[in-house]
Amino acid sequence: PTLPTVVNHLIDAVNDPDASVDGLATLLQSDQMLSVRLLKVANSVFYGLSGTVSTVRRAVVVLGFKTIRSLALAIWTRSFRDRVRSDWERQAQETMFVHSLTTAVAASLVAPRLGFAASQEDCFLAGLLHDIGRVALISETGDWYREAILEQAFEQCNPIEVERVALGFDHAALGARLLESFRLPALQIDSAARHHRPVNNLAAEPVRACVVLANNLVKGLDLSLYHGPAVPPREHLLDRAGLDAVEDQKDLAGQCVRGAQQLLAELI
């Protein structure tokens, strides 16, 4: 899959330290549909700005460059649902988007709990795109993916190993290559590449730690495409996040679902 031209330029602008609010607003306004959707999401309950963001420039000022980038990429990933060839693909892409969006919200919520409040937006984007490789595989291979991966997963094979045997790579490696081609930061690339691997050094990879923990919490909500093996969160992650008690995990999961639903309502 390829990014829309405006989203490509948006990523370049966010990476450019000399980019301006006016320049970014002008770029976004060149795509009317994207502008309208960005304003809808900016005014969602999730951001607490309902009815107060009336222009694209105001959205850029209030939300910031990184959040605008995340929302534009969320709108793009949502569009995969409309480019399908079968009912199964539509349902699969819908499931993947809800899982990814909920993981994004979860990653941004666990970031301050792990002591990384300054990385919340990086965590949101990494959570949103951690499974982009699987989204791409569904989009490109359709029913083949369902038959070769999901049916074998149902037979209790490891779906990741099935991908590697059938394709020579897995969705995590593909996702990392895609994000690299999109010129996204190394934080997001690494999170996509290794979101199924345990975190041994929290201080060295805070964003990936948030995504790994978030992904596992969300899998417990039955929001995944398949029920393959997850990497159990290390106890030190749960302890550090104040989530060692099951009830605390359930409370946070509820917050994640509500946040994702608030965003999803404006992305339809």
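The values are calculated or read from the model by the stated rules, or taken from the named source; none is laboratory data. Just so we're clear, the structure is a prediction, and the values are computed from it rather than from any experiment. Ideal geometry is used to build each Cβ from the backbone, glycine not excepted, and the neighbour counts take in all protein chains shown.
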Of all the residues that make up the range 192-215, how many are part of a helix (DSSP H, G or I) and farther than 14 Å from residue 236 by Cβ? 7
Give the range 159-186 a look and list any residue that's touching a residue at least 60 places away in the same chain (Cβ under 8 Å) and closer than 16 Å to residue 131 by Cβ, or say none. 159, 160, 178, 182, 184
When you scan the range 63-70, do you find a residue that is within 21 Å of the chain's Cα centre (by Cα) and among the polar types (S, T, N, Q), even just one? yes
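In the range 37-75, what residues are aromatic (Phe, Trp, Tyr) and modelled with pLDDT of 95 or more? Don't jump to the end; show me each part of the working.
Start the filter on the range 37-75 by keeping residues that are aromatic (Phe, Trp, Tyr), which leaves 46-47, 65.
Listed by number, the list holds a single entry, 65.
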For the range 1-22, pairs from a residue that is closer than 19 Å to residue 75 by Cβ to a residue that is surrounded by 13 or more Cβ atoms within 10 Å (Cβ to Cβ) and among the hydroxyl-bearing types (Ser, Thr, Tyr), with Cβ under 7 Å and 6 or more apart or across chains, are 1/139
Tell me, which residue of the range 154-198 that is surrounded by 20 or more Cβ atoms within 10 Å (Cβ to Cβ) and over 19 Å from the mean Cα position of the chain (by Cα) is nearest to residue 16 (Cα to Cα)? 163
Within the range 47-147, helices (runs of 4 or more DSSP H) holding 2 or more residues that are of a type in the set (Gly, Ala, Ser) and in contact (Cβ under 8 Å) with a residue 12 or more places away in the chain: 65-78, 87-113, 120-129, 132-141
Any residue at all in the range 155-176 that is touching a Phe, Trp or Tyr at 6+ places or on another chain (Cβ under 6 Å) and part of a helix (DSSP H, G or I)? yes
